[in-house]
Structures are given as structure tokens and as C-alpha cells.
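Structure first, then comments.
Just so it is clear, none of the values below were taken in a lab; they were calculated from the coordinates. Being a predicted model, the structure only gives us computed values, none of them experimental. Positions of Cβ are generated from backbone atoms using ideal geometry, with glycine treated the same way; all protein chains shown enter the neighbour counts.
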Amino acid sequence: MKAILFGASGGLATALADSLLTRAWQVDLVSRAHKSGAIQQRFSAAIKDGNVNVFTVQQAYPEFEPKQSYDVCFFTQALFSPRPFVSMDDAAIEAEISVGLTGQIALTRKLLAMHPPKPEARRDFCYVGSTSAYVGFKNSAVYCAVKHGLLGFVRAMNDEYAQTDTRFWLFSMGTMNTEMGATLVDQAPSSFLQPEDVAQRMIASVTSPSNLFEPEVLMRRRTIRFREKK
């Protein structure tokens, strides 16, 4: 079995790759060029064993040209910089939408066009949503719009490919204990979700042999804690 992960330098992507490797999967990792060194160091043993390949893009992820079909495609790339909406300039808005939504849509089209669905050949496209796909939060208007967009995209694609074995998933979770989660400086990291737990849930869902299909998986935090104000 073979998987590809976009946005491979993130905490969730790393956890997904680790979990897939323990299952003896082949894993291709795609990241921005300036992050490739850290990724190669992190997975040096798996690269040496031939279980991991690392690919880079210079500007945008849709530059990537897939050479083969994958059993599972994970789209984990996103930008998140919470701040009042009016403090964002046009370039910041465009970057957040491009990385988190339109770039992922373009990649999906490319992967599907190059390798159309085959009968009885299951394939899964997995997108990382957020509780922001269902609720609007202050100081993250564009991020919420991006995640709402992914939700609509996944629903539409499942309808369009309903008669195939290609499935589309949106895994939405509360704040994780990652570099991105650390930007929420008012919340206590002790209540953040661990990316390893989220990754295990995601992989268990897509690898289950059952006919059960839950295209929208929502993983909330049971408890949310805030930092004590000094």
C-alpha cells in the first residue's frame, strides 16, 4: 500500500507518516523546498530503507507532478495566523486560501485526471478540516472560510464519485499540540489534542475493510483549558 502526504513538515503529517510506516506502507512526502532538509533528517532511516521518498515544490503544491496512483492521499497543508480580519492584507488572504483550499482542489483534480478511478480499486482522498469547518471563530475569518470550503468540496466530490470506489474524507479536529496550535497563546497546551491520536483515528478510518463510510469525522476536545492570566 502506498500513501502520499502533502504538507509533510507539519506535526500531523509527521504523525501520519510514522503510523503508516509501522503498518509497512510506502510513503511519499511532499513539502516546500526549504523544509526538505528537516524532513530528510527526521525520516533518514526510512529513506535509506526505501520506505519513504521526499519530494519538494518551490512555490505551490500543485506544482507536484504525480508519477503514479496512490491508495491514500493526505492533504495536511494549511496556513493559520489568528488576527483581526481587517489587519490582513490581500496577499495574506490569498495565501491562506491558496494553500488551504484552492491548491488542494487543484491537486485533487490533477491526481484524478492522471489516474481515474478503477472498478473495485479503493482510493481515499483525505483532507484536514477543523472545528472551524462547522463554526465561525473570531480572528480567523479566512481560515474558517477555507475549512467551510473544504467541507463543501468533500460533500460534492462524494456525490460526484458515488458510483466508484474513490472516497473523500474531511477529518476535522480541535486544536492539536503542534506548531500551528501554539499560535493560540491564550489556551493551555495541556488540553490540546495529540497529533499521534488524531493520526491513528484517521488511518483506522481509511484502512477499515468495513463498508461503513463516515466522510465527516469530527474530533473535539473534551476539555478546553486556558492559561492563567498574570
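Points worth noting:
- Here the peptides 57-70, 131-144, 1-14 are ranked by packing, the mean other Cβ count within 10 Å, and the order with the highest first is 1-14, 131-144, 57-70.
- Max mean-square fluctuation residue, GNM over the chain, Cα-Cα springs under 10 Å, options GLU216, GLU120, GLU96: GLU120
- Summing Lys and Arg as +1 and Asp and Glu as -1 over all other residues whose Cβ lies under 13 Å from the Cβ of ARG23 gives a net charge of -1.
- Under 5 Å, built H, 5+ apart or other chain: amide partners of GLY129: PHE171, SER172, MET173
- Region 88-152 shape via C-alpha gyration tensor axes, a/c threshold 1.5: oblate
- In degrees, nearest ten, helix 103-114 long axis to first principal axis of the chain (Cα): 10
- Beyond 22 Å in Cα-Cα separation lie the following of the pairs LYS2/LYS67; LYS2/LYS147; LYS118/LYS147; LYS67/LYS110; LYS48/LYS118; LYS2/LYS118: LYS2/LYS147; LYS118/LYS147; LYS48/LYS118.
- Rounded to whole Hz, the Karplus (6.51, -1.76, 1.60) HN-Hα couplings of region 194-206, x for glycine and proline: 7, x, 5, 5, 5, 4, 4, 5, 4, 5, 4, 5, 6
- Averaged over residues, the count of other Cβ atoms within 10 Å places the peptides 111-119, 195-203 in the sequence 195-203, 111-119, highest first.
- C-alpha long axis of helix 11-22 to longest principal axis of the chain, angle in °: 30
- With helices as the sole contributors, the chain gives -10000 deg cm²/dmol at 222 nm; each DSSP H run of n ≥ 4 counts as -39500 (n - 2.57), and the sum is divided by every residue.
- Extending 7 Å from the Cα toward the beta-carbon at both GLN163 and LEU218 defines two label points whose distance is 3.2 nm.
- Calculated FRET value between THR207 and ASP89, using beta carbons and R₀ = 45 Å, to 0.05: 0.60
- Shape of the chain, Cα gyration tensor, a/c cut at 1.5: rounded
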